[in-house]
Amino acid sequence: MKGKLLAVLVTAAMLTVLLYGCGQSGETVETGQEDVLEQTEEQNAEDSAAVSAETALDADEMFTDRDYETDYDESECIPIVLSDDGIEAGDGVTVDGTSATITEEGTYIVSGSLSDGQLIVDTDDTVKVRLILNGVKMSSSDSAPIYVKEADKVFITLAEGTENILSTAGDYAETSEDEDNIDAVIFSKSDLTLNGSGSLSVSTETGNGITSKDDLVFTSGTYTISAGNHGLEGKDSVRVASGTYMITAVQDGIHSNNTEDEAKGFVYIADGEFEIFADDDGIHAERNVTIDCGTITVSDGYEGIEGISIDINGGVINIAVSDDGFNAAGGNDSSGMQGSDFADAGISGGGGGMGGGAPGGGNGGEAPQMPDGESQESSGEESGESMSNADMSADSNTAADNQEGNGGGPGGGMQGDDMQSGDMQSTESSYYIRITGGIINIEAGGDGIDSNGALYVSGGETYISGPTNDANGALDYTSTAEITGGIFVAAGASGMAMNFSDSSTQGSLLVTSESSQTGTIALLDEDGNELVSYSPTKEYNSVVISIPEIEEDGTYTVLMGDDTQEITMDGLLYGSSMGNGMGGGPGGGGQRGGGGQNIGEGTDGNSDMAPSDDSDGNMQPPGDGQGGQGGGPGGQMGPGGGGTPPDQNGNE
């Protein structure tokens, strides 16, 4: 997959990487296509102001001066020399066999090797401790080689030019009930910062690589992480200023999971080079993920970047995953509400979650509220004509025919606890993906970009080689998708294809082909000049193209492999979204619910392809029916009617 991902990189992205400043919208970017991205200084200023006002994380608050401090005077450091023959240490350190415990504030320089031992920091909770790793090789058979039991904050500096190797050889021993389980090679109950100009290799077959139960901060250094669970885990946050990271993980590459505090549980990357091979998510945050700069490659995983909200302000991001590239969704699992979740929420006979689904369909029962400023009528403009409850129930036989199969494709989207809260409007409004800059290349088996709320694009370059199955789309959102600048090209299957919303101020085309295509996609102006091109790695029969050059009333030619189509714009948007309303997951037990109101802006909410559990814990295959929410007794979240998709290439 790694080699395949590198092949995805389009010529435009490779040529702009040295010219495209992180976090900048650019003015003119030379990509081999003349004037591909032109934005005025006024627009750049507006975008910058918007980012400052809206971005969840403030870079100035992420790092302290001491986080960056790497200099030290060795003559003033307290030595700790590791050896299987006995540990030698100075003042402030207690030695017990192959274990050394730091009990006092200070800077400690650690060297030597230890085949089975531990270095512990256990001080008052007001004390800061600094460890200088000066060529350390250390392993433990059943615990963390470095364990921060108590301190205010601990700093680990990798001495210049040194190689440091830490590992856990076996399973982690269980701890007492009143203590956190020690499950990482470096495990800290306090804030932890790593920096320096040396290297650190961390390996464990059963646990995390590096864990902090507070903030986990990196400002420099070279790291190689191999972990049987998460690579890097910071409960409150993971913050990276710079450095080089090679992460291989059975779960998430980078993970933050504080669910109690809405201001925590985030991942912030200011810069750095990352190569992540993770079986689950490349980067996962319980709250927000913000990337300002850096080069990030995620390969072979399930999802690329996941959080309730995602802000991409710069950098070069390359993702090749089996499911969603970017996913703005809540909870630790990207899958949506399944049968057991309905039972937990007190909804008997529950069926598939919000999300998934084939074209058409609405919600059974009551329609969720739209975000502030969005009416159900206006929000449906991109997805075809909306249907009222009266319209949907006028011919019950027809509605029943459309509902066969108890909902659409695989479920996804809203989580069980979201439904229990009963506050769909506030939950949905907290989900968003915002792209203001950077170069993004996504190869996704599921949705390329999937937001359970909104999508905002004001800059950067985004290229997506999306799904080949009709249960997913290259672009997927629930409430609105606004584009005001940048380059955006997304190819995939047409079954759930979506265009940008009519609130966009930059032109966008959604064009489909009657047959699957391979090869280059290009947009030409009426004089035959190429405005943008992209070569997806997979077959496709649908493409969304948005660039600043698209104008109202303009005439363009779209090349899609062997298919050539001439497009005349009637407004800024061409082509309607394929999905109507929120598609359902596999239907559950109970009577078929009444047809609910269609919720404009067609979307499938999420793209999970895995079967779901029913309320008894049995695996259920994805449903066959057209959109709408599956299952549920009558009057409760029953499947909506299967609407007819709008003309694929028609204007609204």
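General remarks:
- Each of Phe274, Cys293, Ile247 was scored by the projection of its Cα onto the charge dipole of region 244-308, and the greatest displacement toward the positive side belongs to Cys293; charges sit on the C-beta of Lys, Arg, Asp and Glu.
- Annotation: amide H-H contacts under 5 Å for Ala481 (H modelled 1.01 Å from N, sequence separation of 5 or more, or interchain): Leu455, Ser501.
- Annotation: Asp527 carries an accessible surface of approximately 120 Å², with a 1.4 Å probe and no ligand, DNA or RNA atoms counted.
- Derived scalar couplings between HN and Hα for region 60-76 equal 5, 9, 7, 9, 9, 4, 6, 4, 8, 6, 10, 6, 7, 9, 4, 5, 9 Hz in order, rounded to whole Hz, by the Karplus curve 6.51 cos²θ - 1.76 cosθ + 1.60 (θ = phi - 60°), x for Gly and Pro.
- Heavy-atom accessible surface of region 92-251, averaged per residue, reaches 35 Å², computed with a 1.4 Å probe.
- Relative contact order %, region 199-248, counting alpha carbon pairs below 8 Å whose residues are six or more apart: 42 percent
- Karplus (6.51, -1.76, 1.60) ³J(HN,Hα), θ = phi - 60°, over region 470-483, in Hz, Gly and Pro reported as x: 7, 7, 9, x, 5, 10, 8, 8, 9, 9, 7, 9, 10, 10
- Solvent-accessible ranking of Ser429, Ser188, largest area first, probe 1.4 Å: Ser429, Ser188
- Charge sum, other residues only, whose C-beta stays under 15 Å from Asp84's C-beta, Lys/Arg counted +1 and Asp/Glu -1: -3
- Shown are Lys213, Lys153, whose ranking by accessible area with a 1.4 Å probe and every protein chain present, most to least, is Lys213, Lys153.
- Note, ³J(HN,Hα) from phi for region 501-509, Karplus 6.51, -1.76, 1.60, rounded to Hz, x at Gly and Pro: 7, 6, 7, 5, 10, 10, x, 8, 10
- For a label point 7 Å along the Cα-to-beta-carbon line of Asp171, residues of region 198-212 with backbone N under 17 Å: 204-208
- If R0 equals 41 Å, the separation of the Cβ atoms of Thr94 and Ser322 corresponds to a calculated FRET efficiency of about 0.25.
- For Ser201, residues with placed amide H under 5 Å, excluding near neighbours: Asn164, Ile165, Leu166, Thr224
- About the centre of its Cα atoms, region 79-226 shows a dipole size close to 680 debye [charges on the beta carbon of Lys, Arg (+1) and Asp, Glu (-1) only; nearest 20 debye].
- Share of carbon and sulfur in the accessible heavy-atom surface of region 443-545 [1.4 Å probe, %]: 38 percent
The values are calculated or read from the model by the stated rules, or taken from the named source; none is laboratory data. The model shown is predicted, which means the values in this text are computed figures rather than measured ones. Ideal geometry is used to build each Cβ from the backbone, glycine not excepted, and the neighbour counts take in all protein chains shown. The protein model used for the area step is the full one, side chains on, heavy atoms only, and it has no ligands, DNA or RNA in it. Shrake-Rupley method; radii C 1.70, N 1.55, O 1.52, S 1.80 Å.
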